[in-house]
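Taking it in order: structure first as structure tokens, then the write-up.
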Amino acid sequence: MVAKTFGSAVFGVDASIITVEVTIMQGTGFVMVGLPDSAVKESAQRVESALKFFGYKMPRQRVVINMAPADLRKEGSAYDLTLAIGILRASEQLRADDLDSYLIMGELSLDGLLRPIKGVLPIAIEARKKGYKTLIIPKENAHEAAIVNNIDVIGVETLLDAIEHINGDKRIEPLRKDTRELFFHEQSHYTADFSHVQGQENIKRALEIAAAGGHNVIMIGPPGAGKTMLAKRLPSILPMMSLQEALETTKIHSVAGKLGAQAGLIAQRPFRAPHHTISDVALVGGGGIPQPGEISLAHNGVLFLDELPEFKRTVLEVMRQPLEERRVTISRAKVTVDFPANFMLVASMNPCPCGYYNHPEKDCVCGPGVVQRYLNKVSGPLLDRIDLHVEVTPVSFDQMTSTRPAESSEQIRSRVVKARAIQTERFKEYAGIYSNAMMPSQMVKEICSISNPGKTLLKTAMERLGLSARAYDRILKVSRTIADLAGSQEIKIEHLAEAIQYRSLDRENWAG
């Protein structure tokens, strides 16, 4: 007889169904076809050991296994349980006739225990989509899969648990979770809040504008001025994630194996802060089996690059395309994978190697030309994709010891949400544009029109401050966001004036 069990393969953030066909023929040997990689082929040893541990037999005849579709590469150890159940059914050691209603995945140890696997959430979504009634997976992955409703999620600890459940000898109750209740309960529980930050009102204002318009931002200031502390609090003022956004984000973290045993939906916007020694593959994703990188793990959240000039030039350059397209495409000889990468970039840097250029109290000890060379480590094309340049100054002693309560993240977020609602209405007819920062150049001229006095101000500012041509569109986008925060339909002089001051690094004499 030919026994069929069903598993799944994950490519990018989506899953495909894999049919495992097992037959036992005359002769000896163990043959596996259907493009399995080394880890899949090695499963024969793990499966045989696990079967013997629980008193079952590995057939001594010729076992032939086909993994269909045969032209799709099968990778990893997650098919162990699928293969073991197929072999038991083909050798008539398993009684079940309804295996076509199960999707089974899990890695076996030699004593039959099940180890957790990656990508369970996209597997569960695909299983429900294809009409499977039951998903059998390792117990440690069950909470992750239980996010998906209308499918029974059975978490098993051993191979024997799976066999007894399928045979009907000892039924395991499916795990059920009220996903929506858990999601909305955990949404606003941020540990880092702007109410803990004394002073720095101008930086808080800049981050509020960045959050309201989805703008990328860079903070320039001396060590200890609070750049990292402020960046960590940015997710707390972004609009709450929708269920769809939470599901997208959780899928990426599931594929990367970043979810814990008790994990559910990721309810809060992610904050990723990779070290400056990171490689370009680790940042954008890749590898032999393409995995999401830090920019995808920051999807729908914030990517924070501390000490920006210390990052390798090649690492920063590979971010340019994802910043524009909001996704990253990884191509290999036999597969091309898309990972979403819609994130806000927040960067910080010292103004010079010693850190004290333009400091109000301490003197810079860097030699002539050193400051400019340090700033030149960050390329113009990357800087062109950053809308707000904010100079951070140290907090005074009086501000640090002040007992006056600062504005909370919730209060700031309420204003951000109102501004985002205006933008949602503005761009409802434009596919793929959700915030002011996403506007292409041709749309900026139409949506960010300014009065004649405004044009005069902008022209004067560009001439006197030595602003570069690339600053023009950025200033208009940011001024549109400032107007949205103020509830104004028109971009007024004061909105333009505030936007102009956020272009520090575009001034030709900034490092002069």
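Points to keep in mind about this one:
- Whether a residue is closer than 30 Å to Ala333 by Cα and either of a type outside the set (A, V, I, L, M) or in contact with a Ser or Thr (Cβ under 7 Å, 6 or more places away or on another chain) (or both) was assessed, and Thr5 passes this test.
- Single residue of Ile123, Ile137, Ile85, Ile154 found to be at pLDDT 95 or above and either more than 27 Å from Ala267 (Cα to Cα) or among the aromatic types (Phe, Trp, Tyr) (or both): Ile85
- The residue that is modelled with the highest pLDDT, counting only those in segment 169-206 that are acidic (Asp, Glu) and under 26 Å from the mean Cα position of the chain (by Cα), is Asp193.
- Subset of segment 146-180 [in contact with a helix residue (DSSP H, G or I) (Cβ under 6 Å, 6 or more places away or on another chain), open to solvent by 20 Å² or more (accessible area, probe 1.4 Å) and not in a loop (DSSP other than H, G, I, E, B)]: Leu175
- Yes/no for Lys477 being touching a residue at least 60 places away in the same chain (Cβ under 8 Å), charged (D, E, K, R) and assigned to a helix (DSSP H, G or I): yes
- Residue match in segment 39-52 (condition: open to solvent by 50 Å² or more (accessible area, probe 1.4 Å) and touching a helix residue (DSSP H, G or I) at 6+ places or on another chain (Cβ under 7 Å)): no
- Any hit, segment 349-360, residues being open to solvent by less than 30 Å² (accessible area, probe 1.4 Å), in a helix (DSSP H, G or I) and at pLDDT below 85: no
- Among residues of segment 325-379, those that are over 30 Å from Glu208 (Cα atoms), aliphatic (A, V, I, L, M) and in contact with a Ser or Thr (Cβ under 9 Å, 6 or more places away or on another chain), counted: 2
- For segment 84-94, the count of residues that are under 40 Å from the mean Cα position of the chain (by Cα), surrounded by fewer than 18 Cβ atoms within 10 Å (Cβ to Cβ) and either more than 24 Å from Pro116 (Cβ to Cβ) or of a type in the set (Gly, Ala, Ser) (or both) is zero.
- For segment 127-145, the set of residues classified as open to solvent by 20 Å² or more (accessible area, probe 1.4 Å) and within 20 Å of Arg180 (Cα to Cα) consists of Arg128, Lys129, His143, listed by residue number.
- Residues that are part of a helix (DSSP H, G or I) and open to solvent by 10 Å² or more (accessible area, probe 1.4 Å), drawn from segment 194-203: Ser195, His196, Glu201, Asn202
- Total residues in segment 245-265, condition more than 15 Å from Phe343 (Cα to Cα) and either open to solvent by 20 Å² or more (accessible area, probe 1.4 Å) or in contact with a helix residue (DSSP H, G or I) (Cβ under 6 Å, 6 or more places away or on another chain) (or both): 12
- Only one of Tyr79, Tyr102 that is within 22 Å of Gly257 (Cβ to Cβ), among the aromatic types (Phe, Trp, Tyr) and at pLDDT 95 or above: Tyr79
Here's the yes/no breakdown for (1) aliphatic (A, V, I, L, M); (2) assigned to a helix (DSSP H, G or I); (3) at pLDDT below 90:
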position	(1), (2), (3)
Met219	yes, no, no
Pro222	no, no, yes
Pro235	no, yes, no
Leu259	yes, no, yes
Gln262	no, no, yes
Leu265	yes, no, yes
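- Within segment 288-330, the set of residues being open to solvent by 30 Å² or more (accessible area, probe 1.4 Å) and closer than 14 Å to Gly12 by Cβ comprises Ile289, Gln291, Arg327, Thr329.
- Boolean, Val390 is open to solvent by less than 20 Å² (accessible area, probe 1.4 Å), without any contact (Cβ under 8 Å) to a residue 40 or more places away in the chain and out of contact with any Pro (no Cβ under 8 Å at 6 or more places or on another chain): no
- Listed conditions (1) within 26 Å of Asn350 (Cα to Cα); (2) without any contact (Cβ under 8 Å) to a residue 12 or more places away in the chain are all met by Leu465, apart from (2).
- Extreme residue, farthest from the chain's Cα centre (by Cα), among residues of segment 365-379 that are open to solvent by less than 50 Å² (accessible area, probe 1.4 Å) and of a type in the set (A, V, I, L, M, F, W, C): Cys366
- Taking the listed residues Thr403, Thr424, the one that is at pLDDT 90 or above and surrounded by fewer than 17 Cβ atoms within 10 Å (Cβ to Cβ) is Thr424, with no other qualifying.
- Test: residue in segment 55-76 that is surrounded by 14 or more Cβ atoms within 10 Å (Cβ to Cβ), under 24 Å from Ser254 (Cβ atoms) and of a type in the set (S, T, N, Q): no
- Single condition Leu110 does not satisfy, out of (1) modelled with pLDDT of 95 or more; (2) surrounded by 15 or more Cβ atoms within 10 Å (Cβ to Cβ); (3) farther than 18 Å from Ala9 by Cα: (2)
- Subset of segment 5-28 [open to solvent by 40 Å² or more (accessible area, probe 1.4 Å) and not in a strand (DSSP E or B)]: Gln26, Gly27, Thr28
The values are calculated or read from the model by the stated rules, or taken from the named source; none is laboratory data. All values reported here derive from a predicted model rather than from experimental measurement. When we count neighbours, we look across all protein chains shown, and the Cβ atoms used for this are built from the backbone with ideal geometry, even at glycine. Please note that ligands, DNA and RNA were not included when accessible areas were found on the heavy atoms of the full protein model with its side chains. Shrake-Rupley method; radii C 1.70, N 1.55, O 1.52, S 1.80 Å.
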